[in-house]
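A.B. asks: Pasting a structure below so you can have a look.
The values are calculated or read from the model by the stated rules, or taken from the named source; none is laboratory data. Bear in mind the structure is a predicted one, so any value in this text is a computation, not a measurement. Heads up, the Cβs are rebuilt from the backbone with ideal geometry, glycines too, and the neighbour counts pull from every protein chain shown. Note: accessible area is taken over every heavy atom of the protein model, side chains too, but ligands, DNA and RNA are not part of it. Shrake-Rupley method; radii C 1.70, N 1.55, O 1.52, S 1.80 Å.
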Amino acid sequence: MDNVDLNVLRQVQAWQREGHAVVLGTITRTWGSAPRPVGSVVAVRGDGLIAGSVSGGCIEDDLVAKVREGALALSRPELLRYGVGAEAAQAFGLPCGGTLELMLEPLGPASQLDALLERLARGERVQRHLDLKSGAVQLLDPVAAGQGVIADVVQLSESSLITHHGPQWRLLIIGAGQLTQYLASMALALDYQVLVCDPREEYQPEIPGARLTREMPDDVVMSFAPDGHSAVVALTHDPKLDDLALMEALKSPAFYVGAIGSRVNQAKRKARLAEHFGLTEAELARLHGPVGLHIGARTPPEIALSILAHMTAERHGVRISSAEMGLITAQGGGAEAGCVVG
């Protein structure tokens, strides 16, 4: 669930506390091209006020009309389908032949919205089970439910709807300096769960929403257990700390591993990792260093932006070739990303 949909749930909570009836719509399936992904939500208040979006606006308009006609005075969840056939698809703002399926859920005490938001505020991943007959909700830990840390597929059956909420991506940052504060804050805004590792007591970061550990980096990486939805970025400029993290991270399935420093320092780093820690050429080739896209970044927030831009590209399978990177560097004419100019 992204921040847009989380804000919808917070708005619903406020409406309920004011005494309003609310129906929550969740996209359960799409065919063709749809404006919003499966799992996205929209909420309609009893008087027709709306929060969130599942289309370009036409479906929302239809839901508001249904509320005003009394058609959404539901006693139990109900499945609604839009855009079957070219004419309907055009009427509802979907691409020709596109179809969108929406589960409408009347919210009440059994919906467990307050409990869900409390757990999300603690940065937890939550699996929400909606019973389609009773409207009752169970909140489970995805791991305890046997779905794994990153399970996030919406599951609809004749009896239940299972949705997943909370951070889908994780970021481990080694070092708690100024750059880390920008990188962590931006990553939190992009729905990452952020862990900062720095055993140096002199560094006392204040990053609301991120967790800080004082353990040694290699131990932290091992307990963090990076998977395909995890990134590890080393930012201390201290080989004694950065290398400890990288020697473990580069052997993991993490989708992104990066380290701050110039190209010269990166070459020395790879030589150290190969000589002292036995990393292979294939493992070393996974290291993004200098970390981030080459966009001429100079200041800590610009470098943080370049790192997250590169992580986003990697997440979506967009590979930027060395020729393209060289073109960006030549046009920008600035310093390498991931190395602060002092």
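A.B. asks: Of all the residues that make up region 307-323, how many are closer than 22 Å to ALA189 by Cβ and either open to solvent by less than 40 Å² (accessible area, probe 1.4 Å) or assigned to a helix (DSSP H, G or I) (or both)?
C.D. replies: 9
A.B. asks: Here's a follow-up. Let me confirm something: among GLU118, GLU124, GLU202, which residue is over 21 Å from ARG29 (Cβ atoms), part of a loop (DSSP other than H, G, I, E, B) and under 23 Å from the mean Cα position of the chain (by Cα)? Walk me through how you get there before you give the answer.
C.D. replies: Numbers: GLU118 fails: part of a loop (DSSP other than H, G, I, E, B); GLU202 fails: under 23 Å from the mean Cα position of the chain (by Cα).
After applying the criteria, what remains is GLU124.
A.B. asks: Follow-up question, since we're still on this one. Look through region 170-205, keep the residues that are surrounded by fewer than 18 Cβ atoms within 10 Å (Cβ to Cβ) and in contact with a strand residue (DSSP E or B) (Cβ under 8 Å, 6 or more places away or on another chain), and return whichever of them is farthest from LEU113 (Cα to Cα).
C.D. replies: Checking each candidate, the answer is PRO205.
A.B. asks: If you don't mind, there's one more thing I want to ask. If ALA245 meets every condition in (1) assigned to a helix (DSSP H, G or I); (2) small (Gly, Ala, Ser); (3) without any contact (Cβ under 8 Å) to a residue 60 or more places away in the chain apart from one, which number is that one?
C.D. replies: For ALA245, the failing item is (3).
A.B. asks: Kindly evaluate SER223 against the criterion of being surrounded by fewer than 16 Cβ atoms within 10 Å (Cβ to Cβ), over 14 Å from the mean Cα position of the chain (by Cα) and outside any helix (DSSP H, G or I). Full working, then the answer.
C.D. replies: On the way: surrounded by fewer than 16 Cβ atoms within 10 Å (Cβ to Cβ): yes; over 14 Å from the mean Cα position of the chain (by Cα): yes; outside any helix (DSSP H, G or I): no.
No; evaluated as a whole, the condition is false for this residue.
A.B. asks: I want to confirm something. Restricting to region 30-75 and keeping residues that are polar (S, T, N, Q) and open to solvent by 30 Å² or more (accessible area, probe 1.4 Å), which single residue is modelled with the highest pLDDT?
C.D. replies: First, pick out the residues of region 30-75 that are polar (S, T, N, Q): 30, 33, 40, 53, 55, 75.
Narrowing further to those that are open to solvent by 30 Å² or more (accessible area, probe 1.4 Å): 30, 33, 53, 75.
Working: THR30: 84, SER33: 60, SER53: 84, SER75: 90.
Filtering region 30-75 for residues that are polar (S, T, N, Q) and open to solvent by 30 Å² or more (accessible area, probe 1.4 Å), the one modelled with the highest pLDDT comes out as SER75.
A.B. asks: Which residue pairs have Cβ atoms under 7 Å apart, sit 6 or more places apart or on different chains, and have a first residue in region 214-232 that is in contact (Cβ under 8 Å) with a residue 60 or more places away in the chain and under 8 Å from ARG170 (Cβ atoms) and a second that is open to solvent by 30 Å² or more (accessible area, probe 1.4 Å) and of a type in the set (S, T, N, Q)?
C.D. replies: HIS229/GLN168
Each row is one residue, and each column tells you yes or no for (1) without any contact (Cβ under 8 Å) to a residue 12 or more places away in the chain; (2) farther than 14 Å from THR99 by Cβ; (3) β-branched (Val, Ile, Thr).
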{"site": "GLN11", "(1), (2), (3)": "no, yes, no"}
{"site": "GLY19", "(1), (2), (3)": "yes, yes, no"}
{"site": "ARG29", "(1), (2), (3)": "no, no, no"}
{"site": "ARG45", "(1), (2), (3)": "no, yes, no"}
{"site": "VAL54", "(1), (2), (3)": "no, no, yes"}
{"site": "ASP62", "(1), (2), (3)": "no, yes, no"}
{"site": "SER75", "(1), (2), (3)": "no, yes, no"}
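A.B. asks: If you take the residues in region 121-157 that are open to solvent by 60 Å² or more (accessible area, probe 1.4 Å), closer than 18 Å to VAL38 by Cβ and not aliphatic (A, V, I, L, M), which one is modelled with the lowest pLDDT?
C.D. replies: This residue is GLN147.
A.B. asks: When you check ALA304 against the structure, is it among the aliphatic types (A, V, I, L, M), closer than 19 Å to GLN178 by Cβ and not in a helix (DSSP H, G or I), yes or no? Quick ask: steps written out before the conclusion?
C.D. replies: Numbers: among the aliphatic types (A, V, I, L, M): yes; closer than 19 Å to GLN178 by Cβ: yes; not in a helix (DSSP H, G or I): no.
Answer is no for this residue.
A.B. asks: Going by the structure shown, is GLY209 in contact (Cβ under 8 Å) with a residue 24 or more places away in the chain, open to solvent by less than 20 Å² (accessible area, probe 1.4 Å) and on the phi > 0 side of the Ramachandran plot? So that I can check it myself, show each step before the final result.
C.D. replies: Values: in contact (Cβ under 8 Å) with a residue 24 or more places away in the chain: yes; open to solvent by less than 20 Å² (accessible area, probe 1.4 Å): no; on the phi > 0 side of the Ramachandran plot: yes.
It is false that GLY209 is in contact (Cβ under 8 Å) with a residue 24 or more places away in the chain, open to solvent by less than 20 Å² (accessible area, probe 1.4 Å) and on the phi > 0 side of the Ramachandran plot.
A.B. asks: Considering each residue of region 249-295, count those that are of a type in the set (Val, Ile, Thr), without any contact (Cβ under 8 Å) to a residue 12 or more places away in the chain and open to solvent by less than 70 Å² (accessible area, probe 1.4 Å), and give that number. Please lay out each step first, then the result.
C.D. replies: Filtering region 249-295 down to residues of a type in the set (Val, Ile, Thr) leaves 257, 260, 264, 280, 291, 295.
Still in the running and without any contact (Cβ under 8 Å) to a residue 12 or more places away in the chain: 264, 280.
If we keep only those that are open to solvent by less than 70 Å² (accessible area, probe 1.4 Å) as well, we get 280.
The total comes to 1.
A.B. asks: Mind listing whichever residues of region 266-301 are part of a loop (DSSP other than H, G, I, E, B) and under 22 Å from ARG315 (Cβ atoms)? So that I can check it myself, show each step before the final result.
C.D. replies: Filtering region 266-301 for residues part of a loop (DSSP other than H, G, I, E, B) gives 278-280, 285-286, 289-299.
Passing the criteria: ALA285, ARG286, GLY289, PRO290, VAL291, GLY292, LEU293, HIS294, ILE295, ALA297.
A.B. asks: Please work out which one of (1) at pLDDT below 95; (2) under 23 Å from GLY278 (Cα atoms); (3) over 21 Å from the mean Cα position of the chain (by Cα) is the condition ALA245 fails and give its number.
C.D. replies: The one condition ALA245 does not meet is (1).
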